[in-house]
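In what follows, a single structure is set out as structure tokens and then discussed.
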């Protein structure tokens, strides 16, 4: 399973765009990149998943460069309710079914 | 509401005791995952079942065991409890055997307090 590295914490202000970058230098050909959001005392919630280039949904965008050694989760115009821990996961279930969450990035949105 | 149901929501017990946590996956989901999250810690993967069979194992203690029943619900058994076992235990489910190309749906967790 590819190891991921994310910033431990980030602060931003309401209305700003927030970009959280995840490094996964050892990503394999079949690996997908998935991001989850977790609020205190709640289970994580799927945000977005991608394999290459750019993926966008109603919540976020995911940018993946051509070498796929990193990815950036972009949250547009954040609000206080976006304060949460964000996890980046990389893995190929065919090779390793252990869906491992790292320590994530603790995002704190300020008013 | 993710569709994943965990019971009990809260449980307080004493050291040395045994507890069972229950998880009902989303309708149609065949995979069940168990995670442990201690205070201010990340999610620790414990074990995964797919359609009744153990599929992957993480750092699950020998004092812990799990199973998935024919109706696809799963139970996590924790025995000889220690203070350090106090944590939130999450169950997640997914349709596929491979969750990397889909998403995991998490329950609200069972908070275990060992006194």
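Can you pull out every residue in the stretch A:57-81 that is closer than 15 Å to residue A:18 by Cβ and surrounded by fewer than 21 Cβ atoms within 10 Å (Cβ to Cβ)?
The answer is A:59, A:60, A:61, A:63, A:72, A:74, A:76, A:77, A:78, A:79, A:80, A:81.
Please pick out the residue among B:62, B:108 that is out of contact with any strand residue (DSSP E or B) (no Cβ under 8 Å at 6 or more places or on another chain) and either more than 8 Å from chain A (Cβ to nearest Cβ) or surrounded by 16 or more Cβ atoms within 10 Å (Cβ to Cβ) (or both).
That would be B:62, the only listed residue that is out of contact with any strand residue (DSSP E or B) (no Cβ under 8 Å at 6 or more places or on another chain) and either more than 8 Å from chain A (Cβ to nearest Cβ) or surrounded by 16 or more Cβ atoms within 10 Å (Cβ to Cβ) (or both).
Does the stretch B:1-11 hold any residues that are part of a loop (DSSP other than H, G, I, E, B), modelled with pLDDT of 95 or more and over 25 Å from residue A:103 (Cα atoms), and which are they?
Within the stretch B:1-11, just B:8 meets the criteria.
Would you say residue A:105 is within 14 Å of the chain's Cα centre (by Cα), free of Cβ contacts under 8 Å to residues at least 60 places away in the same chain and farther than 25 Å from residue B:96 by Cα? Please lay out each step first, then the result.
Details: within 14 Å of the chain's Cα centre (by Cα): yes; free of Cβ contacts under 8 Å to residues at least 60 places away in the same chain: no; farther than 25 Å from residue B:96 by Cα: yes.
So residue A:105 does not fit the description; no.
In the stretch B:79-87, is there at least one residue being modelled with pLDDT of 95 or more, facing chain A (nearest Cβ under 10 Å) and at positive phi?
The answer is no; no qualifying residue exists.
Keeping to the stretch A:62-97, report how many residues are in contact with a strand residue (DSSP E or B) (Cβ under 6 Å, 6 or more places away or on another chain) and either at pLDDT below 95 or in a strand (DSSP E or B) (or both). Don't jump to the end; show me each part of the working.
To start, the set of residues in the stretch A:62-97 that are in contact with a strand residue (DSSP E or B) (Cβ under 6 Å, 6 or more places away or on another chain) comprises A:62-64, A:70-75, A:78, A:80, A:82-90, A:97.
Now narrow it down to the ones that are either at pLDDT below 95 or in a strand (DSSP E or B) (or both): A:62-64, A:70-75, A:84-90, A:97.
Residues flagged as in contact with a strand residue (DSSP E or B) (Cβ under 6 Å, 6 or more places away or on another chain) and either at pLDDT below 95 or in a strand (DSSP E or B) (or both) within the stretch A:62-97 amount to 17.
Which ranges mark the strands (runs of 3 or more DSSP E) fully within the stretch A:1-43 that have 2 or more residues being within 11 Å of the chain's Cα centre (by Cα)?
Values: elements: A:9-13, A:18-23, A:32-38.
Strands (runs of 3 or more DSSP E) meeting the threshold: A:18-23, A:32-38.
Tell me, yes or no, whether the stretch B:87-95 has at least one residue that is under 23 Å from residue A:33 (Cβ atoms), more than 10 Å from the chain's Cα centre (by Cα), in contact (Cβ under 8 Å) with a residue 24 or more places away in the chain and surrounded by fewer than 19 Cβ atoms within 10 Å (Cβ to Cβ).
yes
The values are calculated or read from the model by the stated rules, or taken from the named source; none is laboratory data. None of the values given here were measured: they were computed from a predicted structure. As a convention, Cβ positions derive from the backbone with ideal geometry for all residues, glycine included, and neighbour counts pool all protein chains shown.
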